[in-house]
Amino acid sequence: MARTRSKRRQQLVRVVMYPLDWLEERSGLVGAVKYFLFRKVPHDTNWFHTLGSATLTAFIVQLVTGVILAFYYKPSPDEAYDSIQMITNDLTLGWLVRGMHRWGASVFIILLFLHMGRVFLFGAYKYPRELNWLVGVLLLALAMLEGFTGYLLPWDQTSYWATVVGINLNATAPFAGPFLSDFLRGGQEIGTNTLSIFYSTHMLLIPGALIGLITLHLYLVIRLGVTSPPWSEDAAGDERVEVVTAKRGLVEPRPRGDGAAVDDIVRRRPDA
Amino acid sequence: MADELERPEHRESEPHLPSPTIWPFAFAGAVALILLGLIVSLTITAIGVVLAVVFGFLWIRDVTRDLRGEPEPVEAPAAVVVEEEGERLEPERYTRSKFLEASTLGLGAAIGAIVTVPVLGFAVAPAFVGQGYPDVDLGPLDSYPEGDWVIATFTSEPEDGAVSRRTAFIRNNGLRNDVPSFTIISNRCVHLGCPTQPQGPPGEARDVETTRTPVTIQPTQPSGFGCPCHGGAYDIEGNRTAGPPVRALDRYEYSIINGSLWLGAPYSVGSVEGQGADATVVKYRSADPGVHVDGPEQIFYPIVP
């Protein structure tokens, strides 16, 4: 009995592993995914460290629901409002998908700020992760722009006049203001092009930039590793010495691991 | 040659290459000419056929030179041999690869610019080219009884439909120096652009036929104008009385053509002295909401070109 089970088990393993091995041999993708998922993190990471991936999940929800809403949404001044009403009231589960996108937008922004607060309070923006903080600030700005451009799309009184106010706020920016507002409107007045400019910006231009920057953000997270919380006891001493040493001489990212790394750094300094 | 000396094992396995020839390009050109002639003129096809035969013959002659035992032209290899015998072999290779690198980058940049510049221009320019306000026919003068305010709602660009609907508050001030005088105030709040409302009871709305799209006219007796968004308040001449707006309400130019009132371009107003036909209006270039047009504030905030 036990022998058959283990035999069947072997068969099962072979069936699962064969395509994975095939893929790995030709692309190395399985190894890459393993490297991403099973990389080392400090042992005292906690739930606050999940806010980043929570934000990413919210973004993916926005992407998927947004793409599907685009099946039915019509970005023209005559049809936009009616198509939103149709999605909400007539189409099966349309209310749910639109609701996910509409409320998910707020969730995305809230999680973004919580994630930012975690990084700030944990001091995770410090050397060598300053660049990732800057990328994050760009992501925040683009996410806010997503909110601004998406708000117009229902094309009801609230969204229309809120966008009028938003564009006129931009118009009072120093020097660039009037050009910025003309660009956003597609002219001097809100017209037929304004809605399609906002729509295209909302669903093509900014999401593309967001995906690119998120990729860079994740690359830097993987390359630089995750920070310990500030109250962490074991990592603090050694690693901070390393960071200080590294700062003096060289722009090498902080090596992980034991005290030997300090010697490595000292040895690799150009003047040592 | 030097290459082969460094790696002698490659000498035997190197495939034999026919000598370089330019004729395939000419032959392809002749074929293109034949195809072009099919569309344009059969004469061109005939020329193309002749050229294709000639160039094809030259191509075959070049390629089969080895088989026919003719010597290859040797000018170019001779020059290379001379170069390679000297000690400047390495710099020469370096320069060539550098040249290829630079030309790849340069060509890439040029192609990128050719594609990107017009696209960026198209993304930005349409918003700024051909700006202006069309004249709008607001209907015959007798639709505007003397001394009364009306709310006129019109379509500024009929082909754009409802999205270009605008509203103005119009008062017929009667004759001044035998010329009809109107006060036409834009409903766009000069705080952030929300629609101001006349503060007074509205009357019965009616449509007036014009030479363009119909204009909706609704009589009203306002004591002033107010904005629902942030509580901006204006008096009956459009001067700010309370709230966040930074200047008086914008007004429209107007003209009278064949007994009809025509709306012109909007302009911005610092403040209005006096009332009705006798009012003194200081006129400024149309500015965005929230922008000061007079006083010291116009220099300091917001700084606009």
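The values are calculated or read from the model by the stated rules, or taken from the named source; none is laboratory data. The model shown is predicted, which means the values in this text are computed figures rather than measured ones. Counting neighbours? That spans all protein chains shown, and the Cβs are built from the backbone with ideal geometry, glycine included.
For (1) modelled with pLDDT under 90; (2) surrounded by 15 or more Cβ atoms within 10 Å (Cβ to Cβ), each residue gets a yes or a no:
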position: B:Ile34; (1), (2): no, yes
position: B:Gly37; (1), (2): no, yes
position: B:Val40; (1), (2): yes, no
position: B:Ala52; (1), (2): no, yes
position: B:Asp62; (1), (2): yes, yes
position: B:Asp66; (1), (2): yes, no
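Of the residues in segment A:80-91, not one is more than 14 Å from chain B (Cβ to nearest Cβ), touching a helix residue (DSSP H, G or I) at 6+ places or on another chain (Cβ under 7 Å) and under 20 Å from A:Leu145 (Cα atoms). Screening the candidates B:Arg188, B:Arg166 for the property of being basic (Lys, Arg), in contact with a Phe, Trp or Tyr (Cβ under 7 Å, 6 or more places away or on another chain) and within 13 Å of another protein chain (Cβ to nearest Cβ) yields one hit, B:Arg166.
Is segment A:177-187 home to any residue that is facing another protein chain (nearest Cβ under 10 Å), touching a Leu at 6+ places or on another chain (Cβ under 7 Å) and on the phi > 0 side of the Ramachandran plot? Within segment A:177-187, none of the residues are facing another protein chain (nearest Cβ under 10 Å), touching a Leu at 6+ places or on another chain (Cβ under 7 Å) and on the phi > 0 side of the Ramachandran plot. Scanning segment A:238-253 finds no residues that are more than 30 Å from A:Thr65 (Cα to Cα), surrounded by fewer than 16 Cβ atoms within 10 Å (Cβ to Cβ), modelled with pLDDT of 90 or more and under 28 Å from the mean Cα position of the chain (by Cα). Here segment A:127-144 is the region considered, the condition is being part of a helix (DSSP H, G or I) and over 14 Å from the mean Cα position of the chain (by Cα), and the residue that is nearest to A:Leu184 (Cα to Cα) is A:Leu131. Those residues that are closer than 30 Å to A:Pro75 by Cα, of a type outside the set (Val, Ile, Thr) and in contact with a helix residue (DSSP H, G or I) (Cβ under 7 Å, 6 or more places away or on another chain), I need them from segment B:142-195; list them, please. Hits for segment B:142-195 are B:Ser156, B:Glu157, B:Asp160, B:Leu192, B:Gly193, B:Cys194. Residue count for segment A:140-186 under the criterion of being buried (at least 21 other Cβ atoms within 10 Å of the Cβ), of a type in the set (D, E, K, R) and in contact with a Phe, Trp or Tyr (Cβ under 9 Å, 6 or more places away or on another chain): the result is 1. Within segment B:271-305, being part of a helix (DSSP H, G or I) and either in contact with a Lys or Arg (Cβ under 8 Å, 6 or more places away or on another chain) or within 8 Å of another protein chain (Cβ to nearest Cβ) (or both) holds for B:Gly276, B:Ala277, B:Asp278.
Scanning segment B:123-153 for residues that are within 13 Å of another protein chain (Cβ to nearest Cβ) and either in a strand (DSSP E or B) or buried (at least 19 other Cβ atoms within 10 Å of the Cβ) (or both) yields B:Ala127, B:Val136.
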